[in-house]
Structures are given as C-alpha cells and as structure tokens.
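Student: Right, I'll just put the structure down here and ask away after.
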Amino acid sequence: AVDMVQASVSHNRLAGTLRGLHFAWPPSQEAKLVRCERGRVWDVILDLRPGSPSFMRLFAISLDVEQRNALYIPPGVAHGFQTLVDECTVLYLMTDFYRPELADGVRFSDPAFGIAWPLPVNSIVERDRNYPDFDSASHVLRYKLADERSRTQ
C-alpha cells in the first residue's frame, strides 16, 4: 500500500499547454499518481534515477477521462504533460509533501531526450521553458551525493 499525503489539481484552458518535466531530488520520496479528470493529455515520464535499467528513457501515454486511466510515477522520475484538447484538468496524488528546495526539472525540448510532443507548444511557464541542457554526468553525481547525504541524516 502507498500512502498519498497531498493532492494537487492543474487546470489548463488551451490545447498545446505544456507542464514539466518536474522531479524531486533525494531525500524526497515523492511518487505521483496522475489522472486526467477532464479532457485528454499526452503524459510523459523520464527516468532520471542513476543506476536504473531505464535511466534516461521515456514513456508516454494518453490519459483521458473516457479511458479513466492513470499513471504511477516513481520517485526520481521526471513528469510532464501536454494538453491535447482545450479545458483539461489533471489530478495528482503524491506520496510526499512538496519541498521547493528539492524541486527541479528538465527542459521539455532538451535534445538529450528528443521528446516528440504531439502539438506545437502554445503555452508554457518560464521556469519550464528555461531549464538548462541536461548534463548526465553532473546529474548522476548530484543525485548520488544527495542520496548519500539523506542516508546519513
């Protein structure tokens, strides 16, 4: 069983809106369960856990209200979505409380990942648009240091 401690809702008016890709550094153990409560979104996860067999691999799925499907996102995996229709509402259930000092992300258009978003991006917040290029070596080092530090506290 997984305990969900926080819920968030994202309402997006326009098709083509992009949110993410967000993740949390250790010691956060934030996993998410994401579901589209209204409309349809293209949901993308990116494994950023060093040592994982799927490190730097993507998975994408369409979430929509008719299918009533959901996606579980483990800790250390980045998440983002693009709305495919106007008026989309996405529900997030999280296993850890949001800690801004651990929150981070990777850019939706980073060539390191080559994500093929289904629509042109017509709305994105500045933070998500301006994440720097991903550097695998520095990410692995920072992740391992943060993980080691959290184990010794």
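The values are calculated or read from the model by the stated rules, or taken from the named source; none is laboratory data. Quantities reported herein were computed from a predicted structural model and do not represent experimental measurements. We place every Cβ from the backbone using ideal geometry, glycine too, and count neighbours over all the protein chains shown. The protein model used for the area step is the full one, side chains on, heavy atoms only, and it has no ligands, DNA or RNA in it. Shrake-Rupley method; radii C 1.70, N 1.55, O 1.52, S 1.80 Å.
Student: Being open to solvent by less than 20 Å² (accessible area, probe 1.4 Å) and not aromatic (F, W, Y) narrows it down to one of L63, L58, so name that one.
Tutor: L63
Student: Need pairs with beta-carbon distance below 6 Å; first residue closer than 14 Å to S10 by Cβ and of a type in the set (K, R) and within the stretch 35-61, second assigned to a strand (DSSP E or B) and open to solvent by 40 Å² or more (accessible area, probe 1.4 Å); sequence gap 6+ or separate chains.
Tutor: R35/A70; R35/L91
Student: Out of curiosity, is S109 under 19 Å from V125 (Cβ atoms), open to solvent by 10 Å² or more (accessible area, probe 1.4 Å), free of Cβ contacts under 8 Å to residues at least 40 places away in the same chain and out of contact with any strand residue (DSSP E or B) (no Cβ under 6 Å at 6 or more places or on another chain)?
Tutor: Spelling it out, S109 is indeed under 19 Å from V125 (Cβ atoms), open to solvent by 10 Å² or more (accessible area, probe 1.4 Å), free of Cβ contacts under 8 Å to residues at least 40 places away in the same chain and out of contact with any strand residue (DSSP E or B) (no Cβ under 6 Å at 6 or more places or on another chain).
Student: Within the stretch 1-39, track down each residue that is of a type in the set (V, I, T) and farther than 18 Å from L102 by Cα.
Tutor: V2, V9, T17, V34 - these are the residues of the stretch 1-39 that are of a type in the set (V, I, T) and farther than 18 Å from L102 by Cα.
Student: Pull up the stretch 1-11, narrow it to residues that are closer than 10 Å to L93 by Cβ and among the β-branched types (V, I, T), then point me to the one that is surrounded by the most Cβ atoms within 10 Å (Cβ to Cβ).
Tutor: Selected residue: V5.
Student: Looking only at residues in the stretch 78-99 that are farther than 20 Å from E30 by Cα and either small (G, A, S) or part of a loop (DSSP other than H, G, I, E, B) (or both), which one is most open to solvent (accessible area, probe 1.4 Å)? Show your work before the answer.
Tutor: Pass one, the stretch 78-99, residues farther than 20 Å from E30 by Cα: 82-89.
In the following step, the residues that additionally are either small (G, A, S) or part of a loop (DSSP other than H, G, I, E, B) (or both) were identified as 84-87.
Values: L84: 36, V85: 46, D86: 91, E87: 65 Å².
Checked the stretch 78-99; the qualifying residue most open to solvent (accessible area, probe 1.4 Å) is D86.
Student: Answer with yes or no whether E66 is farther than 18 Å from T95 by Cβ, charged (D, E, K, R) and assigned to a strand (DSSP E or B).
Tutor: no
Student: Step by step: first the residues of the stretch 124-153, then only those that are among the polar types (S, T, N, Q) and within 18 Å of the chain's Cα centre (by Cα), then the one that is surrounded by the most Cβ atoms within 10 Å (Cβ to Cβ). Which residue is that?
Tutor: Here the answer is S136.
Student: Pick out the one residue from R49, R68, R40 that is more than 15 Å from the chain's Cα centre (by Cα), more than 22 Å from E126 (Cα to Cα) and surrounded by 14 or more Cβ atoms within 10 Å (Cβ to Cβ).
Tutor: R40
Student: Only residues that are open to solvent by 40 Å² or more (accessible area, probe 1.4 Å), more than 15 Å from Q82 (Cβ to Cβ) and not in a loop (DSSP other than H, G, I, E, B): list them for the stretch 12-37, please.
Tutor: L33, R35, E37
Student: Here are the criteria: (1) of a type outside the set (D, E, K, R); (2) in contact with an Asp or Glu (Cβ under 7 Å, 6 or more places away or on another chain); (3) assigned to a strand (DSSP E or B); (4) surrounded by fewer than 19 Cβ atoms within 10 Å (Cβ to Cβ). Tell me which single one P75 does not satisfy.
Tutor: (3)
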